Amino acid sequence: MKNQLKYLLLLFLSIFILSCNVSKKATVPRNLHRIYDPASSSIHPEIKVYNTSDTSSIIVERVYTKELLFNQANAEKKFLARVKIIYNLYDLNNKQKLVDSLTTTFKFEKLSDILYHTLEIPINTFVDNNYFLEIITTDLNRKSNQYSFRRIDRTNDINEQDFIVYNKSNDVLVINSLINEKKQFGIKHYKEDLDSLNVFFFSNNFETPQPPYINDTTKENFEVADTNWACHLDSINYLNFQQEGVYYFTVVTKSYKSLARKAEGFALYNFGDGFPIVRTPDDLAKPIVYLGSIDSIPDSDSIGKLTKLAVDNFWLRKANNIDKSRELLKEYYNRVMFANMYFTSFKEGWQTDRGMIYIIYGLPDYLFKSGEMEKWIYNPTGIGTGITFTFKYIENPFSLNHYLLDRAKLKTTGWDEAIEMWNKGEIFYFQNLM
């Protein structure tokens with residue numbers, strides 16, 4: 001009897017210890033520093049969420065064929081790619097409680113004329129709720145995965161994700177919200193048969209954020225639109241969308257000023273044909289603002305426009321060496337391009353708070369993310385505190401991807417040292433300060 005009691009006691013203790021360990025592990029935040037590192041994964045899906053009814057949405061995921069590994073290690077003995085999708089849905093109105101999850105696998109046969117595969121996954125969401133969606137996409141043949149996160153905000157009467165935007169020439173969904181006058185797009189609402197929408201246009205003349213040690217947060221003025229007009233959905237005049245900037249669509253007929261406090265529509269963006277890559281001399285010159293400015297007078301053409309030589313000379317003066325200047329230029333504009341891919345909201349990604357930190361400091365060593373914030377930590381050795389940047393999600397009528405740096409919490413930034421290193425012709429990595 002004593003042996004039995006002793007055995008049961010040991011069993012209970014082992015179960016208790018194990019349950020404590022599991023609970024402890026479950027509460028430890030995951031380091032997601034890889035989500036903004038394109039080199040960390042071979043697969044880079046594009047993802048959009050659309051609402052399909054008052055109680056459901058659909059995850060639309062575009063996976064590019066060239067990024068998949070095809071092999072014959074399967075029962076069919078065909079060249080197949082296998083993609084596993086896991087989603088976890090969290091309720092932001094209920095302490096980010098997990099309310100739904102799913103794992104599903106797709107197979108694709110290798111076909112030379114298929115550029116990408118579009119995956120559609122239904123998901124239960126409800127009007128008046130606010131969600132945070134985690135998606136893990138895995139190429140099972142290559143054993144490479146990518147984490148992605150999206151907000152699903154169904155708290156407004158007219159929601160950004162209620163509208164389906166598609167390419168009129170082939171009915172393909174527009175996943176990245178980018179448009180221009182050369183791309184003919186159509187617009188549909190999941191339950192309303194709309195004849196027209198009002199469009200408010202704001203030109204692409206947004207403020208660049210101040211250095212992180214300055215407490216003042218950049219505030220954009222959206223009180224008055226540059227222009228507005230009625231857009232008839234059966235006969236859209238695409239010439240109206242040739243100017244770069246933000247086009248805000250709404251069914252409300254009153255002035256935009258009354259909309260600024262609550263999102264009642266959705267936005268599409270025109271940031272130029274090459275976006276997220278920057279190509280023209282003027283576009284190449286804009287992100288340089290974090291390091292200084294180009295002397296535009298001697299490096300302009302006959303009509304005052306910057307030349308490519310002006311940009312090249314800017315980097316050459318810093319590096320004092322052609323090969324080194326090319327290396328600087330390549331790294332800096334790669335960071336600009338990836339900032340545009342990851343952080344674009346109502347303005348280009350390089351011009352956001354996260355984009356600024358990403359370009360100047362590079363990838364963080366630790367990144368922790370929730371539905372309301374991101375915390376970036378630069379501390380490659382793990383010793384000491386390093387530098388921490390906290391970005392808070394801000395509700396914005398134009399974007400579900402708008403975050404602002406919490407400048408009040410910053411004790412040290414290392415900004416001056418980082419800028420000095422760039423201006424001396426050295427690519428800045430945080431470990432260079434150690």
Among residues of segment 56-69 being closer than 20 Å to Asp113 by Cβ and buried (at least 19 other Cβ atoms within 10 Å of the Cβ), the residue nearest to the chain's Cα centre (by Cα) is Val63
Going by the structure shown, is Ile359 more than 29 Å from Phe132 (Cα to Cα) and either out of contact with any strand residue (DSSP E or B) (no Cβ under 9 Å at 6 or more places or on another chain) or assigned to a helix (DSSP H, G or I) (or both)?
-> no
The lone condition Tyr166 fails out of (1) touching a helix residue (DSSP H, G or I) at 6+ places or on another chain (Cβ under 6 Å); (2) within 26 Å of Val63 (Cβ to Cβ); (3) not acidic (Asp, Glu) is (1)
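Residues are listed down the side, and each one gets a yes or a no for (1) of a type in the set (Phe, Trp, Tyr); (2) touching a Pro at 6+ places or on another chain (Cβ under 6 Å):
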residue: Asp353; (1), (2): no, yes
residue: Leu363; (1), (2): no, no
residue: Ser370; (1), (2): no, no
residue: Gly386; (1), (2): no, no
residue: Tyr393; (1), (2): yes, no
residue: Leu404; (1), (2): no, no
residue: Gly414; (1), (2): no, no
residue: Trp422; (1), (2): yes, no
residue: Ile427; (1), (2): no, no
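Return the residues of segment 389-412 that are out of contact with any helix residue (DSSP H, G or I) (no Cβ under 8 Å at 6 or more places or on another chain), β-branched (Val, Ile, Thr) and at pLDDT 90 or above; say none if nothing qualifies.
Step one: list which residues in segment 389-412 are out of contact with any helix residue (DSSP H, G or I) (no Cβ under 8 Å at 6 or more places or on another chain), which gives 392-396, 398-399, 402, 406-412.
Filter again for β-branched (Val, Ile, Thr), leaving 394, 412.
If the condition is that a residue be out of contact with any helix residue (DSSP H, G or I) (no Cβ under 8 Å at 6 or more places or on another chain), β-branched (Val, Ile, Thr) and at pLDDT 90 or above, then Ile394 is the only one that fits.
The values are calculated or read from the model by the stated rules, or taken from the named source; none is laboratory data. Note that the coordinates shown come from a computational prediction; the quantities given were computed from them, not determined experimentally. Note that we place each Cβ from the backbone using ideal geometry, even for glycine, and neighbour counts take in every protein chain shown.
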